[in-house]
Amino acid sequence: MRAKLLLIFTLAVLVVASPVIAAPKVQLQPYSTWDYDMVNLEKVGPQYTGKEVYVAVLDTGLAPNWKDYFPNDRIATSLGKGFEEVLTWDQKTGELIETGKIIETTYIGSTGSTHGTHVVSTILGYNYYSPFDAAAGFSLPPIFIKGIAPDVTIIPIKVLSDYHIPYAHSGGGEYGDLVFGTDRAVAAGIDYATNLSIAGYRPMIITMSLGGPEPSPIIKDAIDRAIENGVIVVAAAGNEGEEGMSYPGAYDEVISVGSCGWTKEWRDPSNTSYFRLWWLQSPYYNFSDVAEDAPSVIYISDFSSRQLEGQYLDVVAPGSWVRGPYPGDPGYIHLPWWSNGYPALFRSINPGNFYYLGGTSMATPHVTGIVALMLQKNPTLTQSEVEKILKSTVLTIPPGSAWVYDLYNASGAYAPGFYLRTWGADATGSGLVRADAALNAVP
């Protein structure tokens with residue numbers, strides 16, 4: 001039998017890298033980013049931080065050095081867990097032997113991808129320091145990048161694991177060491193989070209920056225059970241563009257998230273030249289129009305899945321170039337900037353630990369964080385109530401097009417320049433989520 005494979009929704013990794021700072025002994029100065037500003041987080045009162053809300057992040061788990069990035073007390077290590085289905089391939093024929101056995105593992109993540117760490121960083125925020133910035137003439141001290149809901153309790157649940165696929169199975173496609181999950185593993189993760197909620201860890205959100213091309217009855221049943229028990233479920237729409245949404249994001253019951261971006265990405269304030277710190281609200285860049293009532297500066301990502309007949313795209317959120325911790329490329333190789341090893345700027349020895357990722361994977365945790373703020377205000381909100389509030393308080397994005405500066409062309413080759421992005425009503429959902437408007441609408 002062939003197991004259904006659930007893939008990670010990350011479009012690209014940009015090799016503008018930076019080593020990581022160790023967990024600080026003092027409180028670092030907080031800074032906001034373009035995506036934080038785009039969803040109006042700066043207009044949310046300081047009392048809303050997601051406190052006493054649990055977020056189960058079903059992904060690759062956390063990188064072994066996650067304490068370098070996140071406050072220790074925000075990760076529920078005692079509740080973290082991994083679920084992996086035992087799969088084997090015939091090395092000669094490539095036939096997949098599916099045992100169906102699910103084993104429980106640690107939440108410490110895959111060494112093939114630190115995708116889950118990047119997802120968590122959008123929700124919680126993270127410690128940041130880049131000697132690469134300093135080398136380029138921007139002398140920022142170590143800082144803390146603001147998260148959408150910095151006081152939530154993260155429950156890391158690893159459902160995407162490392163597998164080795166023999167060449168015979170590939171059919172000329174991908175083979176070797178890959179990171180993915182199966183229907184049974186994802187369903188087990190959903191059930192585990194639901195059981196925690198039933199046991200009293202609530203309000204609970206399940207967030208899934210993952211998906212596959214076909215519906216899965218076992219995952220659908222697990223989602224239905226979660227929602228019936230008061231868990232809020234958010235999932236990525238997928239990165240398939242015109243080919244349609246992926247599952248579980250395409251289910252009507254799930255709050256699905258597409259990706260949008262800012263037309264001034266990579267540009268200086270005059271929009272005339274490449275600028276390293278365009279993403280960061282800092283002494284070097286002051287945001288003025290990344291947000292409310294400015295749909296003219298918002299575009300829909302070309303990779304973001306459009307809804308097909310029978311599919312339901314709910315909202316969009318920033319997912320084009322989101323900066324965050326992603327230690328090592330490829331794979332996990334960690335050498336912190338403060339170590340006595342090779343110099344931080346020696347790229348061939350020390351791969352960077354911060355990268356820009358693009359995908360609906362990156363858009364999804366923005367919505368998850370906003371939902372956490374809503375549940376802090378009213379923990380009794382149901383799935384349908386949360387979805388209704390989010391969709392009724394968006395910034396509407398009409399069909400259109402925009403010229404966007406990008407570092408890569410359609411084939412993925414490095415070719416900086418302006419590229420035309422075009423989208424229709426099937427790509428926008430109800431529109432761009434707005435944290436302040438959603439909170440104001442919560443009873």
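Residues being within 14 Å of ALA402 (Cα to Cα) and charged (D, E, K, R): count how many of those fall in segment 294-323.
Result for segment 294-323: 1.
When residues of segment 194-243 are filtered for being over 17 Å from ILE370 (Cβ atoms), assigned to a strand (DSSP E or B) and out of contact with any Gly (no Cβ under 7 Å at 6 or more places or on another chain), how many remain? Reasoning before the result, please.
Going through segment 194-243, the residues over 17 Å from ILE370 (Cβ atoms) turn out to be 194-202, 210-230, 238-243.
Add one more test, that the residue is assigned to a strand (DSSP E or B), and what stays is 210-212.
Adding the requirement that they be out of contact with any Gly (no Cβ under 7 Å at 6 or more places or on another chain) leaves 212.
Matching residues across segment 194-243 total 1.
Looking at (1) surrounded by 16 or more Cβ atoms within 10 Å (Cβ to Cβ); (2) at negative phi, which is the only condition SER296 fails?
With respect to (1) surrounded by 16 or more Cβ atoms within 10 Å (Cβ to Cβ); (2) at negative phi, SER296 is out only on (1).
Could you check segment 60-96 and list, in sequence order, the residues that are free of Cβ contacts under 8 Å to residues at least 60 places away in the same chain and assigned to a strand (DSSP E or B)?
Within segment 60-96, VAL86, THR88 qualify.
Hey, can you tell me all the residues within segment 108-157 that are of a type outside the set (Val, Ile, Thr), closer than 24 Å to GLY369 by Cα and touching an Asp or Glu at 6+ places or on another chain (Cβ under 7 Å)?
SER110, HIS115, GLY116, ASN127
Can you give me the number of residues within segment 246-293 that are among the acidic types (Asp, Glu) and on the phi > 0 side of the Ramachandran plot? Please lay out each step first, then the result.
To start, the set of residues in segment 246-293 that are among the acidic types (Asp, Glu) comprises 252-253, 265, 268, 289, 292-293.
With the extra rule that they be on the phi > 0 side of the Ramachandran plot, the set shrinks to 293.
The qualifying residues number 1.
Out of ALA435, ALA344, which single residue is modelled with pLDDT of 95 or more and surrounded by 14 or more Cβ atoms within 10 Å (Cβ to Cβ)? Show your work before the answer.
Details: ALA344 fails: modelled with pLDDT of 95 or more.
After ruling out the rest, the residue left standing is ALA435.
Of all residues in segment 256-293, how many are surrounded by fewer than 16 Cβ atoms within 10 Å (Cβ to Cβ) and in a loop (DSSP other than H, G, I, E, B)?
Result for segment 256-293: 11.
Looking at LEU375, is it more than 22 Å from THR263 (Cβ to Cβ), at pLDDT 90 or above and part of a loop (DSSP other than H, G, I, E, B)?
Numbers: more than 22 Å from THR263 (Cβ to Cβ): yes; at pLDDT 90 or above: yes; part of a loop (DSSP other than H, G, I, E, B): no.
No; evaluated as a whole, the condition is false for this residue.
How many residues does segment 138-183 hold that are modelled with pLDDT under 95, farther than 30 Å from LEU280 by Cβ and not in a loop (DSSP other than H, G, I, E, B)?
16
With respect to ALA134, determine if the residue is surrounded by 14 or more Cβ atoms within 10 Å (Cβ to Cβ) and free of Cβ contacts under 8 Å to residues at least 24 places away in the same chain.
Details: surrounded by 14 or more Cβ atoms within 10 Å (Cβ to Cβ): yes; free of Cβ contacts under 8 Å to residues at least 24 places away in the same chain: yes.
Answer is yes for this residue.
Among the listed residues GLU253, GLU214, GLU228, identify the single one that is among the charged types (D, E, K, R), surrounded by fewer than 16 Cβ atoms within 10 Å (Cβ to Cβ) and within 30 Å of THR380 (Cβ to Cβ).
Values: GLU253 fails: surrounded by fewer than 16 Cβ atoms within 10 Å (Cβ to Cβ); GLU214 fails: within 30 Å of THR380 (Cβ to Cβ).
Within the list GLU253, GLU214, GLU228, the selection yields GLU228.
Tell me which residues, restricted to segment 383-412, are assigned to a loop (DSSP other than H, G, I, E, B), in contact with a strand residue (DSSP E or B) (Cβ under 9 Å, 6 or more places away or on another chain) and surrounded by 13 or more Cβ atoms within 10 Å (Cβ to Cβ). Outline the logic, then answer.
Filtering segment 383-412 for residues assigned to a loop (DSSP other than H, G, I, E, B) gives 393-394, 396-399, 409-412.
Pick out the ones that are also in contact with a strand residue (DSSP E or B) (Cβ under 9 Å, 6 or more places away or on another chain) and you get 394, 396-397, 399, 409-410, 412.
The answer is VAL394, ILE397.
Being surrounded by 24 or more Cβ atoms within 10 Å (Cβ to Cβ) and of a type in the set (Gly, Ala, Ser) is the filter here, so list the residues in segment 32-77 that pass it.
GLY50, ALA56, GLY61, ALA63
Tell me yes or no: at least one residue of segment 261-274 is at pLDDT 95 or above, within 25 Å of ALA410 (Cα to Cα) and touching a Gly at 6+ places or on another chain (Cβ under 7 Å).
Taking every residue of segment 261-274 in turn, none turns out to be at pLDDT 95 or above, within 25 Å of ALA410 (Cα to Cα) and touching a Gly at 6+ places or on another chain (Cβ under 7 Å).
Of the conditions (1) crowded, with 24+ Cβ neighbours inside 10 Å; (2) over 19 Å from the mean Cα position of the chain (by Cα); (3) of a type in the set (Ser, Thr, Tyr), THR114 satisfies every one except a single condition; which number is it?
Result: THR114 passes all but (2).
Six or more apart or on different chains, Cβ atoms under 8 Å: show the pairs whose first residue is in segment 297-312 and without any contact (Cβ under 8 Å) to a residue 60 or more places away in the chain and over 19 Å from SER411 (Cα atoms) and whose second is assigned to a loop (DSSP other than H, G, I, E, B) and among the acidic types (Asp, Glu).
Taking only residues 6 or more apart or on different chains, the pairs are VAL297/ASP289.
Among residues belonging to segment 82-111 that are within 24 Å of ALA363 (Cα to Cα) and either surrounded by fewer than 20 Cβ atoms within 10 Å (Cβ to Cβ) or at pLDDT 80 or above (or both), point out the one that is nearest to the chain's Cα centre (by Cα). Please lay out each step first, then the result.
Our first condition is that a residue be within 24 Å of ALA363 (Cα to Cα); within segment 82-111, this holds for 82, 107-111.
Adding the requirement that they be either surrounded by fewer than 20 Cβ atoms within 10 Å (Cβ to Cβ) or at pLDDT 80 or above (or both) leaves 82, 107-109, 111.
Working: GLY82: 18, TYR107: 17, ILE108: 17, GLY109: 15, THR111: 18 Å.
Selected residue: GLY109.
The values are calculated or read from the model by the stated rules, or taken from the named source; none is laboratory data. Keep in mind the model is a prediction, meaning the values are calculated, not measured. Cβ atoms come from the backbone with ideal geometry, glycine included; neighbour counts cover every protein chain shown.
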